[in-house]
Amino acid sequence: MPRLRIGHDSVAWTTVRSARARRIRIRVGPEGVIVTVPRGASAGEAEAFVAQKAAWIAGALERVTRWEAGRDAAAAQMVPAWEQGGAVPYRGGQLAFQVEPALGRRVRLREVVAEDEPAHVADSPAAHVARGPRSDADADADADADADAREEYLTDAPRLAIGVPAHLAEEARSAAVRDAVVRWLRARALYHVEAEAHSFGARLGRMPSVIRLGDQKSRWGSCATSGVVRVSWRLIMAPPEALAYVVAHEVAHLEAPHHGPAFWAAVARIHPAWADGKATLKAWERSGRAAAGRLL
Ligand SMILES: [Zn+2]
């Protein structure tokens with residue numbers, strides 16, 4: 001790997017040969033310094049160009065380092081406190097913790113969604129149908145009840161009820177809560193990944209041999225030639241469209257184990273909204289939330 005001397009530092013750079021490039025290009029990012037060299041240009045020409053741009057490269061490297069430090073600091077702040085008042089990223093939103101004392105020896109989790117509240121069951125459309133003909137006054141009263149129920153539905157964000165055994169000491173408690181929350185997130189991830197994989201697989205006409213949860217740092221999913229599809233459990237923290245896109249992408253690899261036109265045609269066939277999903281995934285990564293999720 002060629003190196004460039006900047007002050008006292010020596011910076012390595014990578015050369016990428018390109019048939020399409022028209023001139024030498026330098027890109028500086030989290031992956032380092034990458035120099036794209038057109039077919040007609042020599043290694044010597046590339047080296048001379050890099051040397052000429054040394055000051056610009058030094059400035060760009062500094063900006064990347066600052067950006068990475070800022071992103072990591074922001075990510076560290078997004079790691080939840082494993083106690084009442086904490087919240088965990090889930091399906092693109094936040095699931096607030098509702099910690100309550102519990103009997104037994106294990107931490108127990110339950111997702112509380114607004115529809116679970118008895119008030120909403122009573123106000124469901126089915127309940128109205130069962131009531132039969134009504135006077136105008138009744139109808140007005142029901143309309144008010146509906147409005148109240150809807151408002152409560154909108155303001156009552158889903159929560160994660162966490163039953164913590166009373167005998168646990170403070171330090172043991174947050175570790176136990178963390179373990180239980182991560183276990184719960186992984187179980188939800190498997191449920192959604194399997195559901196998406198089955199529906200995309202049915203459309204493709206091929207099913208994965210096995211679906212596994214992965215935890216790779218550098219990729220969200222993979223598909224082996226043996227048909228094993230692996231998807232990072234951390235995508236359960238991303239918006240649902242992002243998870244669906246990654247699953248569709250890996251399932252499409254069952255038909256086309258490359259990223260050529262046949263592969264993208266398969267993706268579009270089984271998941272017409274794939275481009276939106278991909279954009280959602282990229283936006284989630286840029287927001288720093290994906291980095292925060294990796295610290296969980
Ligand atoms: Zn791929």
Checklist entry - Residues in segment 15-24: is at least one within 21 Å of TRP67 (Cα to Cα), of a type in the set (A, V, I, L, M) and free of Cβ contacts under 8 Å to residues at least 60 places away in the same chain? => result no
Checklist entry - When HIS253 is evaluated against the numbered criteria (1) modelled with pLDDT of 95 or more; (2) more than 11 Å from the ligand (Cβ to nearest atom); (3) not hydrophobic (A, V, I, L, M, F, W, C), which criterion, by number, is the only one it fails? => result (2)
Next on the checklist: Given (1) within 14 Å of the ligand (Cβ to nearest atom); (2) assigned to a helix (DSSP H, G or I), identify the lone condition not met by ALA244.
Outcome noted: (1)
Item to check | Single residue of segment 256-267 satisfying the filter (surrounded by 14 or more Cβ atoms within 10 Å (Cβ to Cβ) and more than 19 Å from ALA195 (Cβ to Cβ)) that is nearest to the ligand (Cβ to nearest atom) | outcome: PHE263
Next on the checklist: Being crowded, with 17+ Cβ neighbours inside 10 Å, among the aliphatic types (A, V, I, L, M) and either within 14 Å of the ligand (Cβ to nearest atom) or assigned to a helix (DSSP H, G or I) (or both) narrows it down to one residue among ALA292, ALA283, ALA275; which is it?
Outcome noted: ALA292
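The values are calculated or read from the model by the stated rules, or taken from the named source; none is laboratory data. Only a predicted model underlies this, so the values are computations on that prediction, with no experimental measurement involved. Every residue, glycine as well, gets a Cβ built from its backbone with ideal geometry; the counts of neighbours run over all protein chains shown.
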